[in-house]
Amino acid sequence: MRLSFVLFIFQRQKKCQCHIYSYPYRLKHYYNTSNNFPGGIFEYAREISLYDERRFKHEFFLQITQSFPLLKENLSIIKYPHLTELDLTQVHKDHIRQFLFDTKTCLPNNVYLLIDYRLTKKVTRNFTRNTTRRNCEKLSYVFFFRRPDFLKHLKFYVPYTEIL
């Protein structure tokens, strides 16, 4: 067994975060990783969360799928077969694209999504974009932050989804 140390520095917020863990890593979660993620194999982790001031790129998500085998199938379109809940409430719209574009990610059925309505509206081009429709159709529940009261038009875009 060996110890591993990872330091994440967030200059804009003037804070840092330190992960110290034994390797092999046996916990079922790995929280608050950032773009400085060192890689490695985390064969027991089933749940991860991401946090950074800079946007995550597609290559980063490929690295995540390789490091967390229970979250991936190693394909150019990233699959998360065990994903049940996705919180995109405090992210850049590029991250929303990463998860909703079917050319980048294939979401499993019955995902619970928490997301900002205004950013989702931009990314989906007012809920008309075909590239995001397939993943949106797989959602079982979506909770919109900053949403308007009138959402009937969404039922055509996410017909099997309960909007909370």
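The values are calculated or read from the model by the stated rules, or taken from the named source; none is laboratory data. Note that this is a predicted model, so its numbers are computed, not measured. Counting neighbours? That spans all protein chains shown, and the Cβs are built from the backbone with ideal geometry, glycine included.
What's the total number of residues in segment 1-13 that are loosely packed, with under 14 Cβ neighbours inside 10 Å and either at pLDDT 75 or above or in contact with a strand residue (DSSP E or B) (Cβ under 7 Å, 6 or more places away or on another chain) (or both)?
7
How about segment 142-164: which of its residues are exposed (fewer than 15 other Cβ atoms within 10 Å of the Cβ) and within 14 Å of residue 110 (Cβ to Cβ)?
160, 162
Anything in segment 121-157 that is at pLDDT 85 or above and among the hydrophobic types (A, V, I, L, M, F, W, C)? List them, or say none.
Those that are at pLDDT 85 or above and among the hydrophobic types (A, V, I, L, M, F, W, C): 123, 127, 136, 139, 142, 143, 144, 145.
Which condition number in (1) closer than 22 Å to residue 156 by Cβ; (2) loosely packed, with under 14 Cβ neighbours inside 10 Å; (3) within 12 Å of the chain's Cα centre (by Cα) is the one that residue 112 fails?
The number of the failed condition is (2).
Pairs needed: first member in segment 117-134, on the phi < 0 side of the Ramachandran plot; second member anywhere, exposed (fewer than 13 other Cβ atoms within 10 Å of the Cβ); C-beta distance under 7 Å; at least 6 residues apart or different chains.
117/146; 118/146; 131/103
Output the residues belonging to segment 26-53 that are loosely packed, with under 12 Cβ neighbours inside 10 Å and either at pLDDT below 80 or not assigned by TED's automatic domain parsing to the domain that holds residue 16 (or both).
Those that are loosely packed, with under 12 Cβ neighbours inside 10 Å and either at pLDDT below 80 or not assigned by TED's automatic domain parsing to the domain that holds residue 16 (or both): 38, 49.
Report every pair of residues separated by at least 6 positions or lying on different chains whose Cβ atoms are under 9 Å apart, first residue within segment 82-98 and in contact (Cβ under 8 Å) with a residue 60 or more places away in the chain and outside the structural domain of residue 139 (by TED's automatic domain parsing), second polar (S, T, N, Q) and surrounded by fewer than 18 Cβ atoms within 10 Å (Cβ to Cβ).
Sorted first by the residue in segment 82-98, then by its partner, the list stays empty.
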